[in-house]
Amino acid sequence: MKEQIEALRSTALEEVAKTSDLRALEDARVKYLGRKGKITEILRGLSQVSPEERPVLGQAANKVRDAISDAIDARKEVLDAEAEQQKAASEAVDLTLPGRRPRKGHMHVINQVTDDILEIFFELGFQVAAGPDVETEYYNFESLNIPADHPARDSHDTFFVKPGVVLRTHTSPVQMRVMEKTQPPVAVVVPGRVYRVDYDASHSPMFNQVEGLLVDEGVTFADLKGTLMMFVHRFFGKDTQVRFRPSFFPFTEPSAEVDISCTVCQGKGCRVCKNSGWLEILGCGMVNPKVYEYAGYDTEKYTGYAFGLGVDRIAMLRHAISSIGHLYENDMRFVEQF
Amino acid sequence: MRVSLNWLKEYVDIDISAEELAHQLTMLGLEIEAIERPGAEISDVYVGKILSIDPHPDADKLVVCKTDIGKAEPLQIVCGAKNMKPGDYVPTAVVGAKLPGGFEIGRRKMRGIESQGMMCSARELGMGEDHTGLLILEGEPPLGADAKTLLGLDDVIFEVSITPNRGDWACMIGVAREVAALFGKTVRIPAITMTESTTPASSLSSVTIVDPDLCPRYIGRVLKNVTIKPSPEWMCRCLIAAGQRPINNIVDITNYVLLETGHPLHAFDYDKLGENRIVVRRAKPGEIMTTLDGEKRTLAEDMLVIADAKEPQAVAGIMGGGDSEVDENTKNVFLESAYFTPASIRRTSRQLGLATEASQRFQRGADPEMAVYAINRAADLMQKLGGAEIAQGLLDEYPNRIPVREVRLRYARCNLLIGTDIPEETQRDALLRLGFERVKSDDESATFKAPTWRPDVSMEVDLIEEVARLYGYDNLRVSLPQVRQSEMVFAPYEAKVRQLRRQLVDQGLTEIYQWTFSCPEDVQRTGLDASYMNMVTLQNPLSEKQATLRSSMIPGLMNNASYNVNHGVADMAVFEIGPVYRPVDGADQPEQRLCLGMLLMGRTEEKHWSSPQRSVDFYDLKGRVEAVLDFFGQDAVFNGVKFGPFQHGQSAVIVTGNQTIGYLGKIAPPVLKAFDIAQTVYVAELYLDPLLSGGQQANQFQEIPAFPPSLRDLAVVVNASVPVADLMKAVYDNGGKNLKQVNLFDIYTGEPVPKGKKSVALSLMFQSGERTLTDEETQKAMDKIVRKLQTAFEAELR
C-alpha cells in the first residue's frame, strides 16, 4: 500500500504539471483530491489496514495529499497568469489612435491677458473695481484734472453720446468713482473697455485697459517703481529690463511712462521697437493733488499712485499678434489659437 | 517735432554722441522717437567749381562742363541743367559716389561723350524738392571739400515727441535749455543787432485789443521797404531739416523764429491792412474770411480774430488770411507777436478743424516774455536778409499781465513723495539749472519763481517732478508698498463673472470679444422688436454701422456667425459676456446690463474616429443655459414665447421667480437669410445681473440615507402634445414623501405607439430615511401615480 501511495504521488504530480488550462487542472483536482478522488479513496481504505500500519500510512497519504494540493495551487498561479496574458493580448488597443478629448473651449486672448495681469495685483492685495462705459465728462476728464479745452484732450479722441456724456476714453474715471465712495486706504485694479475715435492698422475704436490705484499714507514713487517692476518681471520674465521715463498725464504728478526691453529682439533693436530696443507698455505716476481735491481727500495726509496698462498692446506683444484688428474680429481661426 | 542736431549745436555745446544725447533726453521726458540721418546714404560728393561750359556736339539739351574738384585734372561732366555759369560752385558727385535711394555714379558716355561724374541738384541730394537746376553753393567754399558736411547733410534729425504740458520744448531754444540743464551748460541766445529808423512805429500803425481776456498781450512792429527774395541756404537748410518748405525770406523768417524760439509770429502785408492798423477782437456772428490755405471759413462769436479797421485778417494764433498775405510784391510788413489765451485757441482750432504749428504752441501756453525777443529777432533777420527799415519801437499792448508763479518746495515733502532722500542742495540746484529763480528760503523749504516759459508749473508737486526728473527716474529708489485694503468691496460680482467665463470655456465654449457698437439696421435684420431700437446713439460715430451701442447681443452674435460661415467655419459654440445698453429717460447715463450671449451651430463635437456626428439642437443650447443656472444655484422655467429672432415652437423665455432673465431659441429662417447663413443656428441671451445678485446660499449637508432605495420604472403612452415637465410634476406631486427622484430615460414615438402619441419612460426612486420600504408601500405609491396620470393625461400604461 505504501508503494501504491508513492506511485500515486508521482502520477498525480506529473498530471498536474501537464495540465494546460484551468479546466484540466480542476479535473485533476477532482480526480485526486475530490470527494471521490484517489487520495480520499486511500484514506478511506485505511480502515482495512492494521492498526500498527494505519498511522504510518495515514501520515504518508496526508503528505501526498498536501503535496498534490500545493502542486495544484502552484500550477493554478501559472495558468492564471497565462490566462491573464492571453486576455490582455486580445484586448490590446492601437495606442496611436487619438484619444477622446473633452471638447475644448478657448478664452478670448484679451481676457486671458487681463486675468493674468489681475492675478499679479491680487497677490499684492489689490481688489477689482468697475465703472460704466458711458461716462460723464466730469468723471472722464474734469475730475481727473483735464478741464475743457485742455490740450491733453487732444490725445483722447472722444466719442460723444450727448454734450457732457462720452464713451470713456480710459479706465481712469473709475479712480474717482472709487475715491468718492470711501476714504483711504484704497487699492484697486480696474479692467475694462475704453473707446477712442481712432481706427487704423494699430488702433481699434474699442480697446482694453487695466487701471491701478493705490492711495494711503506714505505711498511713494519708489513704491510705484517697485510694484510695476515686480509686475513686469512676473508677466514678461525676470530678465526683462524696465525703465521709467518722465512723461505727462494731467491726473498724476510726477508722471512716468514705463518701457520694457523689446520682447522680440531683447533690446538689440528691431522693427517692432523701431530700433530703440524698448517698448512702451504703460503710463503711471503719483496721483495729482488736484484729483484728491475732487475726491475730498486730505492732500497732505495721503499720497498714492495710479497706472494704466494697455491690455491689447500687451496681448499683441506676448502672443506676437501682428494687427490689433484680429483682436475684435473674432475669426474662429484666430480665437482658437489661444 | 523734428530737431536738427547741427542747428541745436548753435544754442548749446554738445559733446556726446547723438545716440547718447537721444537717450539722455528721453530719460528726461523729452522722448526721441526716432533718429534720422538724411545724408547717411551719401558719399563722395565734393565741392566743385565749374571752369567751362561747352555745347554737346550731338545733343541740344546737354552741355559738357569742366569742373575742378581740387585734383590735378578737372573732371569732364555732361550735364542737362541750365542754371549754372562758369565760376559757380556746385556739389559734384565723382565716379563711385553714392546718392540717396542707393543711386551710384558710374563712368559713362552720354551721346558719345564721356562723363566723369555728376553735378547735383538739391533733390538729388535729398534736400527738398528743387530739381529745376543745379544746387549753386553760396560764397567760395574750399574746392574738394566734402559737400555733405558743407551742406549739413551729415546732420542728425531727432523726431521728438512733446507732451502736452511742455509747449516750451517745441523749439530749438527749449530743447537747448533742457540739454544745458542736464549737462550744466549755458544756452546761447542769438544777439540782436538791428538798427531802428527814426520813424516811430506808432506813427505808422496802431494796435487795439478789444478782448483782452482772449488776448492778454499783442506786440507789433512795422518794417518798411523789405525786399522779398529767397532765403539764404543756411536758413532753407534749417527749415527743411524741420520738415518745412522754404517760401520767401519774410515768411521763412517767421517760421525760422518760430522753430528757434517757439513763439509763433505772423507777417501781414502792411499795405493790405485797412487803415494800416490792427484790431484784436472777437469775430462778428457769421463773419467770413479766407485763410491762407484757401478755405473760406465762417467764424463764430467766441473766436478771436486779428482784424484791420474793417475785416478780419487772421484767425488769431491759428492762421493768417489770404487778403493780407505777404507775396512777391510786398513792400511793407506788419509783424505780429502775441500771447493768446490757450483754451480759446484750442477751442477755435477744434471748431475750425484747423491745427497749425502756431495753434499747437499757443494752446499749450506761450511765453509772454519770449514774444518780445521773438519779434525783435525776426525784425533783425528781416533787416539782415531783406533790407527792412525797422520803424522805431514796439507797439506793445499788454492789458492783462500774465502772472509769474511762485511755488514753495518743502524738501521733506519731496523726499516723502518720491521715496528717495535727495539732499536739499541737490533739489535746489535742479530747479536753478532749469531756470527757476529762488525768491526766498528757510530751513525746510524754498520758494521759487517759475520761468515765464513754464506755464505748467503751479504746484509743489510740479517742482518735485522737476527735481525727480533731473535726478533721474532710474536713480530713484525701488520698494514694494504695504498694501492696506479698503473695507469696502467695489465690484462684488466680478470674481463670479470671471469664474463663469472659465467654466463656460471648460465646458467647451469659445469666448468671443466684440465691439459694443451696433446700429438700428442690425437690430431690424435680427427681427428684434421696436424696444431694442431704443439705443444709445453716438454723436460722432466712425460709421453708420457703428452708430449706436448695442441693445442686445444677438445681432453681434449673428454678424459673427455670418463672418465665420463666410470664412469656411461650419461649427461654432461660442459665448460672450459683456454689456448691453439702454437709454434711460432723463438720465445722462444709460442702463448698462451685463449679458451672456451664446451661439451654437454645426456639430456637437469635433470629428472623431470612434463616434458618430450629430448636429446641435435646441436641447444642446438649453442644457448649456441650465448649466449656467446651476452655476448660479438658480432654477428657472422655460416658457414658449414669440420672440422676433426665433422660430416659433423653438423659442423660449427664461423666467426665475417672476423675472425674465433671458431668451433662447432657434434662429428663424428669415433672420438666417438676412445674415446669409444657410445652416441652423441656436442663440441664447441671458441677463446676468439678476443671477449675480440673486444671492447664493452655501449648500447644506443632507444625511446620507442608511436604508436602501426602492427603484421602479414607469412607461406611459400619452398624447404627443403633453409637455413632459407637466407629466413629471404630476408624478412628483402624487408620489408621496418617499419619492425622492424621477428621471426621464426615454421618449419614444413610432410603432407600436399609435400616431399622435408618445411613450414616456421614467425611473422613480423611493427611499426613506427611517427604514427599508416594503414592496407594498412602494406599489401603493406607484398605483396612485398611475391613477393620476390616467385621469389627468389619459395616459395608458405600457
Members of segment B:42-77 that are over 16 Å from B:Val90 (Cβ atoms), in contact (Cβ under 8 Å) with a residue 24 or more places away in the chain and loosely packed, with under 13 Cβ neighbours inside 10 Å: B:Pro57, B:Asp58
Of all residues in segment A:131-149 being at the interface with chain B (Cβ under 9 Å from one of its Cβ atoms) and modelled with pLDDT under 95, the one that is surrounded by the most Cβ atoms within 10 Å (Cβ to Cβ): A:Asp149
Checking B:Glu301 against (1) assigned to a loop (DSSP other than H, G, I, E, B); (2) closer than 22 Å to B:Thr261 by Cβ; (3) more than 28 Å from the chain's Cα centre (by Cα), the condition it does not meet: (2)
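Select, from A:Gly105, A:Gly164, the only residue that is without any contact (Cβ under 8 Å) to a residue 60 or more places away in the chain, under 30 Å from B:Pro541 (Cβ atoms), of a type outside the set (Val, Ile, Thr) and touching a helix residue (DSSP H, G or I) at 6+ places or on another chain (Cβ under 7 Å). Before the answer, list the steps.
Numbers: A:Gly105 fails: under 30 Å from B:Pro541 (Cβ atoms).
Step by step, each of A:Gly105, A:Gly164 is checked, and only A:Gly164 is without any contact (Cβ under 8 Å) to a residue 60 or more places away in the chain, under 30 Å from B:Pro541 (Cβ atoms), of a type outside the set (Val, Ile, Thr) and touching a helix residue (DSSP H, G or I) at 6+ places or on another chain (Cβ under 7 Å).
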The lone exception for B:Gln351 - which of (1) within 33 Å of the chain's Cα centre (by Cα); (2) over 30 Å from B:Ser202 (Cβ atoms); (3) not assigned by TED's automatic domain parsing to the domain that holds B:Leu265 it fails: (3)
Segment A:222-243, subset surrounded by 24 or more Cβ atoms within 10 Å (Cβ to Cβ) and in contact (Cβ under 8 Å) with a residue 40 or more places away in the chain, residue nearest to the other protein chains (Cβ to nearest Cβ): A:Asp223
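Mind counting the residues in segment B:21-70 that are of a type outside the set (Val, Ile, Thr), assigned to a strand (DSSP E or B) and more than 43 Å from the chain's Cα centre (by Cα)?
If we filter segment B:21-70 for residues that are of a type outside the set (Val, Ile, Thr), which is where we start, we get B:21-25, B:27-31, B:33-34, B:36-41, B:43-44, B:46, B:48-49, B:51-52, B:54-62, B:65-66, B:68, B:70.
Next cut, assigned to a strand (DSSP E or B) only: B:31, B:33-34, B:36, B:43-44, B:46, B:48-49, B:51-52, B:54-56, B:59-62, B:65-66, B:68.
Of the ones still in play, those that are also more than 43 Å from the chain's Cα centre (by Cα) are B:44, B:46, B:48-49, B:51-52, B:54-56, B:59-62, B:65-66, B:68.
Qualifying residue count for the region: 16.
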Residues within segment A:150-197 that are closer than 28 Å to B:Asp456 by Cβ, more than 8 Å from every other protein chain (Cβ to nearest Cβ) and among the aliphatic types (A, V, I, L, M), tallied: 6
Inter-residue pairs, beta-carbon under 6 Å, first closer than 18 Å to A:Asp73 by Cβ and in segment A:1-20, second β-branched (Val, Ile, Thr) and surrounded by 18 or more Cβ atoms within 10 Å (Cβ to Cβ), 6+ apart: A:Arg9/A:Val64; A:Ala12/A:Ile68; A:Val16/A:Ile72
Pair list, Cβ < 8 Å and 6+ apart or interchain, from segment B:158-185 residues that are on the phi > 0 side of the Ramachandran plot and within 13 Å of chain A (Cβ to nearest Cβ) to residues that are modelled with pLDDT of 95 or more and buried (at least 20 other Cβ atoms within 10 Å of the Cβ): none
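Which residue is farthest from A:Asp115 (Cα to Cα), if the candidates are limited to segment B:511-535 and must be hydroxyl-bearing (Ser, Thr, Tyr) and either in contact (Cβ under 8 Å) with a residue 60 or more places away in the chain or within 14 Å of chain A (Cβ to nearest Cβ) (or both)?
Step one: list which residues in segment B:511-535 are hydroxyl-bearing (Ser, Thr, Tyr), which gives B:513, B:516, B:518, B:526, B:531-532.
Checking which are either in contact (Cβ under 8 Å) with a residue 60 or more places away in the chain or within 14 Å of chain A (Cβ to nearest Cβ) (or both) leaves us with B:513, B:516, B:518, B:526.
Details: B:Tyr513: 14, B:Thr516: 20, B:Ser518: 27, B:Thr526: 33 Å.
Among residues in segment B:511-535 that are hydroxyl-bearing (Ser, Thr, Tyr) and either in contact (Cβ under 8 Å) with a residue 60 or more places away in the chain or within 14 Å of chain A (Cβ to nearest Cβ) (or both), the one farthest from A:Asp115 (Cα to Cα) is B:Thr526.
For every residue, the table says whether it meets (1) among the hydroxyl-bearing types (Ser, Thr, Tyr); (2) over 25 Å from the mean Cα position of the chain (by Cα); (3) assigned by TED's automatic domain parsing to the domain that holds A:Ser155.
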| residue | (1), (2), (3) |
| --- | --- |
| A:Leu214 | no, yes, yes |
| A:Val219 | no, yes, yes |
| A:Ala222 | no, yes, yes |
| A:Thr252 | yes, yes, yes |
| A:Cys270 | no, yes, yes |
| A:Glu280 | no, yes, yes |
| A:Glu293 | no, yes, yes |
| A:Thr303 | yes, yes, yes |
| A:His326 | no, no, yes |
Scan of segment B:332-360 for residues that are more than 10 Å from B:Pro264 (Cα to Cα), not polar (S, T, N, Q) and not in a strand (DSSP E or B), ordered by number: B:Phe340, B:Pro342, B:Ala343, B:Ile345, B:Arg346, B:Arg347, B:Arg350, B:Leu352, B:Gly353, B:Leu354, B:Ala355
Output for segment B:384-433, where each listed residue is in the same structural domain as B:Ser231 (by TED's automatic domain parsing), surrounded by fewer than 20 Cβ atoms within 10 Å (Cβ to Cβ) and in a helix (DSSP H, G or I): B:Lys384
Conditions (1) crowded, with 16+ Cβ neighbours inside 10 Å; (2) out of contact with any Phe, Trp or Tyr (no Cβ under 6 Å at 6 or more places or on another chain); (3) touching a residue at least 24 places away in the same chain (Cβ under 8 Å); (4) part of a helix (DSSP H, G or I); number of the one not met by B:Cys238: (2)
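Looking only at helices (runs of 4 or more DSSP H) that lie completely in segment B:647-750, which have at least 2 residues being under 19 Å from B:Leu557 (Cα atoms), in the same structural domain as B:Gln779 (by TED's automatic domain parsing) and not β-branched (Val, Ile, Thr)? Give the steps one after another, and end with the answer.
On the way: elements: B:669-674, B:688-692, B:724-734.
Because the criterion is at least 2 residues that are under 19 Å from B:Leu557 (Cα atoms), in the same structural domain as B:Gln779 (by TED's automatic domain parsing) and not β-branched (Val, Ile, Thr), no helices (runs of 4 or more DSSP H) in segment B:647-750 meet it.
Every residue, every condition in (1) out of contact with any Asp or Glu (no Cβ under 7 Å at 6 or more places or on another chain); (2) at pLDDT 95 or above, yes or no:
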position	(1), (2)
A:Ser155	yes, no
A:Lys162	yes, no
A:Leu167	no, yes
A:His170	yes, yes
A:Pro173	no, yes
A:Val178	yes, yes
A:Thr182	yes, yes
A:Val186	yes, yes
Counted residues, segment B:268-298 - those being assigned to a strand (DSSP E or B) and either within 34 Å of the chain's Cα centre (by Cα) or modelled with pLDDT under 95 (or both): 8
Qualifying residue in segment B:477-496 (condition: touching a Ser or Thr at 6+ places or on another chain (Cβ under 9 Å), more than 8 Å from every other protein chain (Cβ to nearest Cβ) and touching a residue at least 40 places away in the same chain (Cβ under 8 Å)): yes
Top-ranked residue in segment B:582-613 [being touching an Asp or Glu at 6+ places or on another chain (Cβ under 8 Å) and basic (Lys, Arg); ranked as farthest from B:Tyr532 (Cα to Cα)]: B:Arg603
Some residue of segment B:148-170 being closer than 30 Å to B:Arg346 by Cα, within 34 Å of the chain's Cα centre (by Cα), surrounded by 19 or more Cβ atoms within 10 Å (Cβ to Cβ) and among the acidic types (Asp, Glu): yes
Of residues in segment B:462-483 being touching an Asp or Glu at 6+ places or on another chain (Cβ under 6 Å) and at pLDDT 95 or above, the one nearest to A:Pro254 (Cα to Cα): B:Glu465
Given (1) more than 7 Å from chain A (Cβ to nearest Cβ); (2) over 20 Å from B:Asp689 (Cα atoms); (3) at pLDDT 95 or above, number of the condition B:Leu538 does not satisfy: (1)
Residue that is under 29 Å from the mean Cα position of the chain (by Cα), among the charged types (D, E, K, R) and more than 7 Å from chain A (Cβ to nearest Cβ), where the choices are B:Arg614, B:Arg624, B:Arg550: B:Arg550
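Looking only at segment B:578-609, count every residue that is charged (D, E, K, R), more than 7 Å from chain A (Cβ to nearest Cβ) and outside any strand (DSSP E or B) and tell me the total.
Going residue by residue through segment B:578-609, those that are charged (D, E, K, R) are B:582, B:585, B:588, B:591, B:593, B:603, B:605-607.
Among the residues that remain, those that are also more than 7 Å from chain A (Cβ to nearest Cβ) are: B:582, B:585, B:591, B:593, B:603, B:607.
From the residues that got through so far, the ones that are outside any strand (DSSP E or B) too are B:585, B:607.
Count: 2.
The values are calculated or read from the model by the stated rules, or taken from the named source; none is laboratory data. Keep in mind it's a predicted model, so treat the numbers as computed, not measured. Virtual Cβ from ideal backbone geometry, glycine too; neighbours counted across all protein chains shown.
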